[in-house]
Amino acid sequence: MTSPPMDPLLMLLKRLKDCPGNSRETLEWTLCPSLCGWGIGRVSYEASQHPSGLEQTPTGSASGEDVYKQACNEVGVVPTSYFIRHMSQTRMNLKHHGLGPRGAHALAVALKTNTSIIHLNLEDNWIEAVGLIHLVQVLRENNTIQELDLTNNHLGVKGSDVLSRILMDNLSLSSLTLAHNGFNDLSAKHLAEAMFTNFRVTKLDLSHNEFCEKGGEYLGQMLAANEGLQELNLSWNHIRMKGAIALSAGLRVNGMLKFLDLSYNGFGNEGALALGEALRMNSSLLHLNISCNRISDEGVRLICKGLESNDTMRVLKMSRNPITVEGAITLLSSITKRPENRIEELDISNVLVNEQFLYLLDSASTSRPALHVLFAGKKGFITKKRSSRPDPMRVIQDFLDERKLRLLDFFKNMDKDGSMRIPVSEFCRYMTAAGLPLDAAQMESLVQRLDKDQTGIIDYRVLVDSRKKMVKEQRKQQRRRERRENQERKRSERALKSFHNAVRALTPPHVQREAPGSSSSSVHFSVTPCSSWYQEGEQADEVSDPHIQNADSEDLDAECSYQSHWSLTSQSHSDPTTPKKNTPMPQV
């Protein structure tokens, strides 16, 4: 009786085995893409030794290598030789290995009994939420893994939900890296709920995700509630406005965080105001990175107000913000004028400084030799606004007001024949003789305005109409200026009030927390929307201003640069007083 023909693939593997110089590791190979269409996938040499099937279980007490190989055979993936060679070491680096969900499943089976690996790096393996489910089940049993890197694994919202479960139960994990995973605001909610009860994780990296304002609110609540986190990386997200204020409020309440990276978000000057208030009371933060956050010189001033009361900060990074040399001087002066200030590194590496800044830095080097300042160069300058020529009609009006004259009397002194019309040459000669401070360009502009038809004659009625237009335009500009200042003041008040409301909302009464891994089914923590503390009356306040109602539509749409008129050195804004009874709280 003839034996059945051998599979061509197994025949090829047998020939490769018989060839001299082929070791066991060299026989682990990946078939060409054309074979993938046959459903063969990846094949190892060990599979060829069992033609009858891939799911033979090892006899006796199986080693970790045998368990891993059997798991790979069962899920249909080739074992990773690097993992087999290093599975007894404390640090396992499996980034860029293309494990996928099935490879993560096989790896999870091997990790169940592994007690050597402490640092596990699974960056860029496209594990997804499906593969993460298997890893999470292992982490509940494995108490040796302390650092886990899941960067760029396309976990998404489902993955964050899975992670939240393990963070509530795991007792060993102290460092978790979750960058580049497409997390959004809902993911922030999942993670915040988990981190409320987890005090083991001391380092959390959530950079390069998609957290926006709502995500910032949830993460702010996490900061306020968590008592173990020491390093938090939120760089390269979209946190701004309400999210920035909530995060700052959480930092104000938090007393454990030492490293905070908020670079490449959109805090702006409103976020800078909230950060300044947080730094006034925070006594734990050592390293703060707020690079590339659209913080201008005004935002620098607000942060400096907070630094005046801070004695713990060591490193402050503010590069790639629209800061000029004036802001740099303000920042350096705030740091060096107080001996209690502990900042040792200041990064403003995109700012060109001037001689005044260098002199201030040299003076500070004697008393602060450890201070290291990074700046771009020595060609900075302070921009001076070019003084604009005043309106000639405004000059005439000021001249008349000083001498308490009427425009009619002023014109009659020039009009000798009483016709209320005078030649242009005589008008110019009289203006010069009267001592009005008008140069040649202003005089020419005035003549063109009063004699548009170039008749050589100036009529008194045209002069009166020109003055009326000037007064009307001046009043319009004054209304615009007052409206802009009013908007800036209200925006500052709104941001500050929202910050204090957030601090009150994020400082709950003492609650009894359950230890991680507790079997109790009660809800540990539930994040709630923080929009209630952000002032809802923003639109009502703007519309209630009569100047805004009468303003042109182009002015309403114009961007008003934020400028705070609050003095952070006045009464303690960090502990605002409760408004008196019968006094309506302003809607900002």
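What the table below lists for this structure:
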read-out	value
From L408, L436, residue being of a type in the set (A, V, I, L, M), part of a helix (DSSP H, G or I) and more than 50 Å from the chain's Cα centre (by Cα)	L408
Residue within the stretch 308-320 that is over 20 Å from G377 (Cα atoms), of a type in the set (A, V, I, L, M, F, W, C) and in contact with a helix residue (DSSP H, G or I) (Cβ under 9 Å, 6 or more places away or on another chain) present	yes
Candidates L285, L257, L275 - the one that is modelled with pLDDT of 95 or more, assigned to a loop (DSSP other than H, G, I, E, B), open to solvent by less than 10 Å² (accessible area, probe 1.4 Å) and within 19 Å of Y218 (Cβ to Cβ)	L257
Hits in the stretch 135-155 - residues which are open to solvent by 50 Å² or more (accessible area, probe 1.4 Å), farther than 17 Å from L94 by Cα and out of contact with any Lys or Arg (no Cβ under 9 Å at 6 or more places or on another chain)	N143
Selected residue [open to solvent by less than 50 Å² (accessible area, probe 1.4 Å), of a type outside the set (G, A, S) and either farther than 18 Å from A129 by Cα or under 21 Å from the mean Cα position of the chain (by Cα) (or both)] from E193, E210, E227	E193
Among residues of the stretch 266-308, those that are farther than 18 Å from E493 by Cα and of a type in the set (D, E), counted	2
Selection within the stretch 213-222 - in contact (Cβ under 8 Å) with a residue 40 or more places away in the chain and crowded, with 24+ Cβ neighbours inside 10 Å	E217, Y218, G220, Q221, M222
Flag if L171 is on the phi < 0 side of the Ramachandran plot and touching a helix residue (DSSP H, G or I) at 6+ places or on another chain (Cβ under 9 Å)	no
Residues (assigned to a loop (DSSP other than H, G, I, E, B) and either touching a residue at least 24 places away in the same chain (Cβ under 8 Å) or under 14 Å from V395 (Cβ atoms) (or both)) located in the stretch 439-463	D439, D451, G456
Candidate set: the stretch 314-351, residues that are in contact with an Asp or Glu (Cβ under 8 Å, 6 or more places away or on another chain) and assigned to a helix (DSSP H, G or I); chosen: the one nearest to R280 (Cα to Cα)	S334
Filter pass, N293 being touching a strand residue (DSSP E or B) at 6+ places or on another chain (Cβ under 8 Å) and either on the phi < 0 side of the Ramachandran plot or open to solvent by 30 Å² or more (accessible area, probe 1.4 Å) (or both)	yes
Residue within the stretch 302-319 that is closer than 22 Å to H238 by Cβ, buried (at least 23 other Cβ atoms within 10 Å of the Cβ) and not hydrophobic (A, V, I, L, M, F, W, C) present	no
Flag if D362 is within 29 Å of C304 (Cα to Cα), open to solvent by 80 Å² or more (accessible area, probe 1.4 Å) and either assigned to a helix (DSSP H, G or I) or among the aliphatic types (A, V, I, L, M) (or both)	yes
Contacts under 9 angstrom Cβ, first residue in the stretch 392-421 being on the phi > 0 side of the Ramachandran plot, partner open to solvent by 80 Å² or more (accessible area, probe 1.4 Å) and not β-branched (V, I, T), 6 or more apart	G418/K412; M420/K412; M420/R461
Criterion (over 21 Å from L307 (Cβ atoms), acidic (D, E) and open to solvent by 70 Å² or more (accessible area, probe 1.4 Å)) met by exactly one of E402, E326	E402
Residue list for the stretch 120-134, filter: outside any loop (DSSP other than H, G, I, E, B) and open to solvent by less than 10 Å² (accessible area, probe 1.4 Å)	L120, G131, L132
Residues (open to solvent by 10 Å² or more (accessible area, probe 1.4 Å) and of a type in the set (V, I, T)) located in the stretch 230-254	V253
Among residues of the stretch 156-185, those that are in a loop (DSSP other than H, G, I, E, B) and either open to solvent by 10 Å² or more (accessible area, probe 1.4 Å) or within 17 Å of L111 (Cα to Cα) (or both), counted	8
Sole residue being among the hydrophobic types (A, V, I, L, M, F, W, C), in contact with a Phe, Trp or Tyr (Cβ under 8 Å, 6 or more places away or on another chain) and under 20 Å from Q474 (Cα atoms), chosen from L438, L407, L400	L400
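The values are calculated or read from the model by the stated rules, or taken from the named source; none is laboratory data. Everything numeric in this text was worked out from a predicted model, so none of it was measured. Reconstructed Cβ throughout: ideal geometry from the backbone, glycine too, with neighbour counts over all protein chains shown. We work out accessible area using only protein heavy atoms, side chains counted, and drop any ligands, DNA or RNA first. Shrake-Rupley method; radii C 1.70, N 1.55, O 1.52, S 1.80 Å.
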